[in-house]
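See below for the structure under consideration.
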Amino acid sequence: MTLVTRHLCGAKDLGLNGNLYGGNMMSWMDEAAYLYVRSLYPDETWVTRAFTDVEFLRPVKCGQAVVIRGTVMRIGTTSATLKLFASVDEVEVCTMQATFVAVDQNGNKKAID
């Protein structure tokens, strides 16, 4: 697995129960997935196609550092599917699959160079 990014959970990221909002985690995972696919194919323009198999495994609390790692599941003709793992203190807190599509300047999918 490749280390992609880290985020510090702050008070602004919390919901009423004192846990990280799931939407914030998904945003961080989307950003991480983009950074990862962009590092693999820096000359492509990528857009998010889908998130699947999202699992929130444990709550994240204020002050905890979330580490996001990724691995490539599949590279197709026009798309890339990644598996992402978020952890706190080496304990997984969230996993998901992210699929990105390479697009041309008009936003139409294109073959990956």
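The values are calculated or read from the model by the stated rules, or taken from the named source; none is laboratory data. Treat the numbers as computed from the prediction; the structure is a model and nothing was measured. Cβ coordinates were reconstructed from backbone atoms using ideal geometry, including for glycine residues, and neighbour counts include every protein chain displayed.
The table for this structure:
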read-out	value
Cβ pairs under 6 Å, 6+ apart, first in region 75-99 and of a type in the set (D, E, K, R), second outside any loop (DSSP other than H, G, I, E, B)	83/71; 83/73; 83/97; 92/85
Members of region 50-66 found to be crowded, with 18+ Cβ neighbours inside 10 Å and under 15 Å from the mean Cα position of the chain (by Cα), listed by number	66
Single residue of 111, 33 found to be modelled with pLDDT of 95 or more and touching a Ser or Thr at 6+ places or on another chain (Cβ under 6 Å)	111
Whichever residue in region 1-35 is aromatic (Phe, Trp, Tyr) and part of a helix (DSSP H, G or I) and, among such residues, is surrounded by the most Cβ atoms within 10 Å (Cβ to Cβ)	28
Matching residues in region 91-102 - criterion: being crowded, with 16+ Cβ neighbours inside 10 Å and not hydroxyl-bearing (Ser, Thr, Tyr)	93, 94, 96, 97, 98, 100, 101, 102
Qualifying residue in region 40-59 (condition: part of a helix (DSSP H, G or I) and among the charged types (D, E, K, R))	no
Of the criteria (1) modelled with pLDDT of 95 or more; (2) touching a Leu at 6+ places or on another chain (Cβ under 9 Å), which one residue 4 fails	(1)
